[in-house]
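The values are calculated or read from the model by the stated rules, or taken from the named source; none is laboratory data. Note that this is a predicted model, so its numbers are computed, not measured. Counting neighbours? That spans all protein chains shown, and the Cβs are built from the backbone with ideal geometry, glycine included. All accessible areas refer to the heavy atoms of the entire protein, side chains included, with ligands and DNA or RNA removed. Shrake-Rupley method; radii C 1.70, N 1.55, O 1.52, S 1.80 Å.
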Amino acid sequence: MEMLLIYIFVIALIGLIIWRKMKKKNKPINKNGLGILAPIFFILIAFSLSLSQLMHIPGQPFHLPPYWEMLIAGVLGIIFGLIMLSQTDYEVREDGLIYSKPNKNFKYVIIAIIFIRMALSQYFKGLDSIDFAVLTMTLAFIYIVIWRVGSYLKFRKLNGDNYSVNAG
């Protein structure tokens with residue numbers, strides 16, 4: 001029953017991501033593009049609350065996983081972030097505004113990353129629950145930061161080029 005709920009949650013999450021991406025494709029990105037960075041702050045708040053909860057589990061002392069496990073989570077986060085970044089691009093349309101460029105592969109990349117994370121979750125289920133939670137949060141945070149900061153830099157570069165073309 002627990003696995004069924006996890007699968008339902010994952011399917012709902014995938015659906016929400018794809019729906020949100022499809023809904024936003026026809027809307028321009030705000031002038032400064034800071035909304036691209038917003039998920040970093042949301043996930044930072046969520047992870048800090050989660051870590052706070054992990055630190056206060058009765059009868060279970062908090063500890064960080066070994067450094068090599070953190071390093072592997074970090075490397076996987078970098079790989080996932082770079083994959084997501086390679087699938088994200090922006091374009092200037094006829095109205096002079098910047099839009100997220102449609103990408104047919106994006107939904108497949110999201111689905112693949114979620115399934116890889118689920119497979120890793122199943123593989124490492126034998127880990128201590130605190131270790132597992134910290135490693136998962138580390139991986140997710142790193143790939144979201146790389147993806148979103150890289151996307152913001154792509155946007156700013158295009159926004160700067162667009163500004164100089166419109167100004168001249």
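Answer yes or no: is there a residue in the range 82-90 that is open to solvent by 50 Å² or more (accessible area, probe 1.4 Å), among the aliphatic types (A, V, I, L, M) and at pLDDT 85 or above. Yes; the residues of the range 82-90 include at least one that is open to solvent by 50 Å² or more (accessible area, probe 1.4 Å), among the aliphatic types (A, V, I, L, M) and at pLDDT 85 or above.
A Cβ distance below 6 Å, combined with a sequence gap of six or more or placement on separate chains, defines the contacts here; from the range 29-53, residues that are under 23 Å from H63 (Cβ atoms) reach residues that are surrounded by 12 or more Cβ atoms within 10 Å (Cβ to Cβ) and aliphatic (A, V, I, L, M) in the pairs I43/I144; F47/M137. Residues of the range 49-60 that are on the phi < 0 side of the Ramachandran plot and either modelled with pLDDT of 85 or more or not in a helix (DSSP H, G or I) (or both): H56, I57, P58, Q60. Would it be correct to say that I146 is at pLDDT 80 or above, open to solvent by less than 50 Å² (accessible area, probe 1.4 Å) and under 19 Å from L37 (Cβ atoms)? Taking the combined requirement at face value, the residue satisfies it.
In the range 68-88, the condition of being within 17 Å of K154 (Cα to Cα) and among the hydroxyl-bearing types (S, T, Y) is met by at least one residue. Scanning the range 61-71 for residues that are in contact (Cβ under 8 Å) with a residue 12 or more places away in the chain and either β-branched (V, I, T) or part of a helix (DSSP H, G or I) (or both) returns E69, M70. Considered as a group, the residues in the range 91-128 that are among the β-branched types (V, I, T) and outside any helix (DSSP H, G or I) include one that is surrounded by the most Cβ atoms within 10 Å (Cβ to Cβ), and that residue is I98. Working only within the range 1-34, note down all residues that are modelled with pLDDT of 75 or more and within 14 Å of the chain's Cα centre (by Cα). Once the filter is applied, which keeps residues that are modelled with pLDDT of 75 or more and within 14 Å of the chain's Cα centre (by Cα), the range 1-34 yields only L16.
Selection of the range 149-168 for residues being modelled with pLDDT under 90 and surrounded by 15 or more Cβ atoms within 10 Å (Cβ to Cβ) yields L158, N159, N162.
I want to confirm something. Restricting to the range 39-81 and keeping residues that are of a type in the set (A, V, I, L, M) and over 21 Å from D131 (Cβ atoms), which single residue is least open to solvent (accessible area, probe 1.4 Å)? Among those that are of a type in the set (A, V, I, L, M) and over 21 Å from D131 (Cβ atoms), it is I40. When F132, F141 are checked against the criterion of being part of a helix (DSSP H, G or I), open to solvent by 40 Å² or more (accessible area, probe 1.4 Å) and over 22 Å from A38 (Cα atoms), F132 stands alone in meeting it.
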